[in-house]
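What follows is a single structure, written as structure tokens, with notes after it.
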2 protein chains.
Amino acid sequence: MSTRNANVCAMRRKSLANPISIKDIARMADVSHSTVSRALSNSPMISAQTTERIHRIAEQSQYRASEVARSLVTRHTRTVGIVVTTIADPFAAGVVDGIEDAATEFGFSVFLANSNADPEREIRVVRSFEERRVDGIIVTSSRAGAIYVRMIGQLRIPIVLLNNQHPSEYVQSVMIDNVEASARATSHLIELGHQNIAYLGDRYGEQSDTERFSGYRHALQAAGLCFRPEFIVLGDGKPEGGMKAMAQLLALAERPTAVFCYNDMSALGALRQVRVAGLQVPGDISLTGFDDLYISQYMQPALTTLRQPMRQMGRMAMETLIQLLKGSASAHSIKVAAELVLRESTAPPKRRK
Amino acid sequence: MSTRNANVCAMRRKSLANPISIKDIARMADVSHSTVSRALSNSPMISAQTTERIHRIAEQSQYRASEVARSLVTRHTRTVGIVVTTIADPFAAGVVDGIEDAATEFGFSVFLANSNADPEREIRVVRSFEERRVDGIIVTSSRAGAIYVRMIGQLRIPIVLLNNQHPSEYVQSVMIDNVEASARATSHLIELGHQNIAYLGDRYGEQSDTERFSGYRHALQAAGLCFRPEFIVLGDGKPEGGMKAMAQLLALAERPTAVFCYNDMSALGALRQVRVAGLQVPGDISLTGFDDLYISQYMQPALTTLRQPMRQMGRMAMETLIQLLKGSASAHSIKVAAELVLRESTAPPKRRK
DNA sequence: CTGAAAGCGCTTACAG
DNA sequence: CTGAAAGCGCTTACAG
């Protein structure tokens, strides 16, 4: 680098690194920096006149108060840390959208971090949030085990878990009511006249899978329908796995007439596989999903599914956190009900027995 | 609240607000806090012995260095602010995923904020980022006008724009090459034998729409095909608008045999509308999209589209920012090529003229 | 109503 | 190799 370039760089760096401070504007206004600080926060201690004058000067000189300096003395940062598996997952994105909305409303900024489903990375992320001195943490759909939850319980930072594995009793959480919802969707299928209903689950042993499966079984049992092990088939929560699992179902001597899918992504794959096999939904097979992703209403046929109110859930998590920060006691665990959204992918079976 | 509760709250607050500091561990180790600071950053000035001892003590006492205090003295925060329209948009989510990945790699944390396409809110967001003293800002797909871009150009914080309206020459940017890509997709349709190709655009006057339309026209012109105004129809970038726009096309006396859609979401709606009309894709009409969202490969039929490498683009934006921070000059504007992904939604027209 | 002083938790010259 | 001192940009008792 030439000397001239080096100089330019140095100048540039300097200008970048030295925003104007409270002292600068104190000098301009010919008052102490305490007065500036008070005026800028509209303290009643300062005369209306000086307050206004200082505001004007601050405005003109494009002054931006340093939140980092302020945080050091106030001992809070007005930030939240959010950890998601990956923000590319539409469910996570919906939740974060809701959190961000509420956070902004309360004057908080949000740190976002992906765990990539890697427990070690998740721990590093939480650690970095501690160092950033976030006021609170929200973790979404973490699969990190019970050990980790205990660790997190010992955290000195308030935390709220959203749709997490093993929320434990030590932390606040907001969870979708999986078993109730799944039972409802299964009952819907039964009421339509289906007797051979399959469950297309998730092979990764998610707690949500266990719960949804449980709701499915309850509904079957309540209706006096027998449980058929060959109707239980496992995907991976994504279209790819849904296709493979559906292929297994289609290969059966006696095919189910309806399939309850673990989530919408699985249902998308299942639907595709049915088509590949030259069959129709819901003509030959009815399909239900879980989540109600934005695209599900545009699937062909539009998907009947259980709607998780992602944005509201995110909002609730943020609001719970705010309560925690204020020290007011609030519900330990919020269960939210999914809404059954009836669309085109479910219909009565072709021939009743 | 009872007195007892109040006490509990006070204790709790205290424990939350007072993490252990460098002074505490200095006391434990019986050294000065300067020594602790140096040992913790593995300064060669400190003996291996003391360094190790201090590390052990810090570990045991769960010490977490305060990034906020550190930031105050080092004058950088190792944070980036990202502004997206809404993180619920799958394109934004993909980009943020890439940014986050690269950021973590470089030891940066990311602040995320939604602008909700509201210029005022966008300005507030940027302002809050300034106060947070972020080291840099990345703005994705902002529609905020040229005035705003100028304002942002005067910002003392390095900024990089991704797929933005009017990037201007004052700021770094990474942009998809819309016109080249669109021309390629249109040419693909032409090579298949289509002569009546419609353009289903976006009514909000996005620059990307203008550019994609331009690529479409270039390709038509290069092939000597005449441009038909009635084949230009406007959606809203979402399935809903795609449906309506496609309905207009289907109502035409002479229907197009292929439709180039502004983006995948529009194509999803268009596809649905074709189905509603009892027609087939690609049998009766070929369809192409833009983006290659995750779901596009699972559409029925799988969508032929132009792939924007969202994660890589996010990564590039972050890397550009890092370069900027290091003061090294880098390309002003990076143009990235979209990849034409051939799938099932395009085929030769039924009857050639 | 205003100012001087102390302090938040670090880093980093400056001494020794 | 280690420590005392100054300072980053704020807020907030304490005086006047």
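Computed values, structure above
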{"item": "Pairs where the first residue, in the range B:234-254, is on the phi > 0 side of the Ramachandran plot and the second is outside any helix (DSSP H, G or I) and not polar (S, T, N, Q), C-beta under 6 Å, 6+ apart", "result": "B:GLY237/B:ASP202"}
{"item": "Condition broken by A:LEU268, with the remaining ones in (1) assigned to a loop (DSSP other than H, G, I, E, B); (2) within 23 Å of A:ALA183 (Cα to Cα) satisfied", "result": "(1)"}
{"item": "Residue match in the range A:319-334 (condition: in contact with a Phe, Trp or Tyr (Cβ under 7 Å, 6 or more places away or on another chain) and assigned to a loop (DSSP other than H, G, I, E, B))", "result": "no"}
{"item": "Options A:VAL84, A:VAL80: the member that is more than 10 Å from every other protein chain (Cβ to nearest Cβ), away from DNA strand D (no atom under 12 Å from the Cβ) and under 30 Å from A:VAL160 (Cα atoms)", "result": "A:VAL80"}
{"item": "Residue tally, condition within 13 Å of DNA strand C (Cβ to nearest atom), surrounded by 13 or more Cβ atoms within 10 Å (Cβ to Cβ) and at pLDDT below 90, over the range B:1-33", "result": "3"}
{"item": "Failed item in (1) part of a loop (DSSP other than H, G, I, E, B); (2) in contact with a Lys or Arg (Cβ under 7 Å, 6 or more places away or on another chain), with A:LEU340 passing the rest", "result": "(1)"}
{"item": "Within the range A:78-88, considering residues that are surrounded by fewer than 23 Cβ atoms within 10 Å (Cβ to Cβ) and touching a residue at least 40 places away in the same chain (Cβ under 8 Å), the one nearest to DNA strand C (Cβ to nearest atom)", "result": "A:ARG78"}
{"item": "Residue check, B:ALA65 away from DNA strand D (no atom under 12 Å from the Cβ), among the small types (Gly, Ala, Ser) and part of a helix (DSSP H, G or I)", "result": "no"}
{"item": "Filter result for A:ILE322 (buried (at least 18 other Cβ atoms within 10 Å of the Cβ), β-branched (Val, Ile, Thr), over 17 Å from A:SER187 (Cα atoms) and outside the structural domain of A:ALA198 (by TED's automatic domain parsing))", "result": "yes"}
{"item": "Hits in the range B:298-319 (condition: at pLDDT 95 or above and hydroxyl-bearing (Ser, Thr, Tyr))", "result": "B:THR304, B:THR305"}
{"item": "Selection count, the range A:324-337, where residues are under 23 Å from A:GLN165 (Cα atoms) and at pLDDT 90 or above", "result": "5"}
{"item": "Residue among A:SER296, A:SER328 that is among the small types (Gly, Ala, Ser) and in contact with a strand residue (DSSP E or B) (Cβ under 8 Å, 6 or more places away or on another chain)", "result": "A:SER296"}
{"item": "Any hit, the range B:29-47, residues being of a type in the set (Lys, Arg), away from DNA strand D (no atom under 11 Å from the Cβ) and part of a helix (DSSP H, G or I)", "result": "no"}
{"item": "Count - residues of the range B:222-250 that are more than 15 Å from B:GLU180 (Cβ to Cβ) and not in a loop (DSSP other than H, G, I, E, B)", "result": "19"}
{"item": "Qualifying residue in the range A:45-63 (condition: within 9 Å of chain B (Cβ to nearest Cβ), away from DNA strand C (no atom under 12 Å from the Cβ) and either of a type outside the set (Ser, Thr, Tyr) or without any contact (Cβ under 8 Å) to a residue 12 or more places away in the chain (or both))", "result": "yes"}
{"item": "Unique residue being β-branched (Val, Ile, Thr) and part of a strand (DSSP E or B) when the list is A:VAL125, A:VAL160", "result": "A:VAL160"}
{"item": "Residue within the range B:130-150 that is at positive phi, at pLDDT below 95 and assigned to a loop (DSSP other than H, G, I, E, B) present", "result": "yes"}
{"item": "The listed residue being surrounded by 19 or more Cβ atoms within 10 Å (Cβ to Cβ), more than 17 Å from B:PHE108 (Cβ to Cβ), within 12 Å of DNA strand C (Cβ to nearest atom) and outside the structural domain of B:ILE123 (by TED's automatic domain parsing), out of B:VAL36, B:VAL73", "result": "B:VAL36"}
{"item": "Check on B:SER182, touching a residue at least 24 places away in the same chain (Cβ under 8 Å) and farther than 16 Å from B:THR305 by Cβ", "result": "no"}
{"item": "Unmet requirement for A:LEU287, which otherwise passes all of (1) surrounded by fewer than 21 Cβ atoms within 10 Å (Cβ to Cβ); (2) in the same structural domain as A:PHE260 (by TED's automatic domain parsing)", "result": "(1)"}
{"item": "Residues located in the range A:86-122, provided they are assigned to a loop (DSSP other than H, G, I, E, B), in contact with a strand residue (DSSP E or B) (Cβ under 8 Å, 6 or more places away or on another chain) and of a type in the set (Phe, Trp, Tyr)", "result": "A:PHE108"}
{"item": "Conditions (1) more than 13 Å from every other protein chain (Cβ to nearest Cβ); (2) over 21 Å from the mean Cα position of the chain (by Cα); number of the one not met by A:VAL274", "result": "(1)"}
{"item": "Given (1) surrounded by fewer than 16 Cβ atoms within 10 Å (Cβ to Cβ); (2) small (Gly, Ala, Ser); (3) in contact (Cβ under 8 Å) with a residue 60 or more places away in the chain, number of the condition B:SER328 does not satisfy", "result": "(3)"}
{"item": "The listed residue being β-branched (Val, Ile, Thr) and in contact (Cβ under 8 Å) with a residue 60 or more places away in the chain, out of B:VAL96, B:VAL68, B:VAL31", "result": "B:VAL96"}
{"item": "Hits in the range B:96-140 - residues which are away from chain A (no Cβ under 12 Å) and closer than 24 Å to A:THR85 by Cα", "result": "B:PHE106, B:ILE137, B:ILE138, B:VAL139, B:THR140"}
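So that you can scan it fast, the table gives a plain yes or no per residue for (1) of a type outside the set (D, E, K, R); (2) over 25 Å from A:PHE129 (Cβ atoms):
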site	(1), (2)
B:SER41	yes, no
B:ALA48	yes, yes
B:THR51	yes, yes
B:ARG56	no, no
B:SER71	yes, no
B:GLY81	yes, no
B:PRO90	yes, yes
B:ASP97	no, no
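The values are calculated or read from the model by the stated rules, or taken from the named source; none is laboratory data. Since this is a predicted model, take the numbers as computed values, not measurements. Cβ sites come from the backbone with ideal geometry, for glycine too, and all protein chains shown count toward neighbours.
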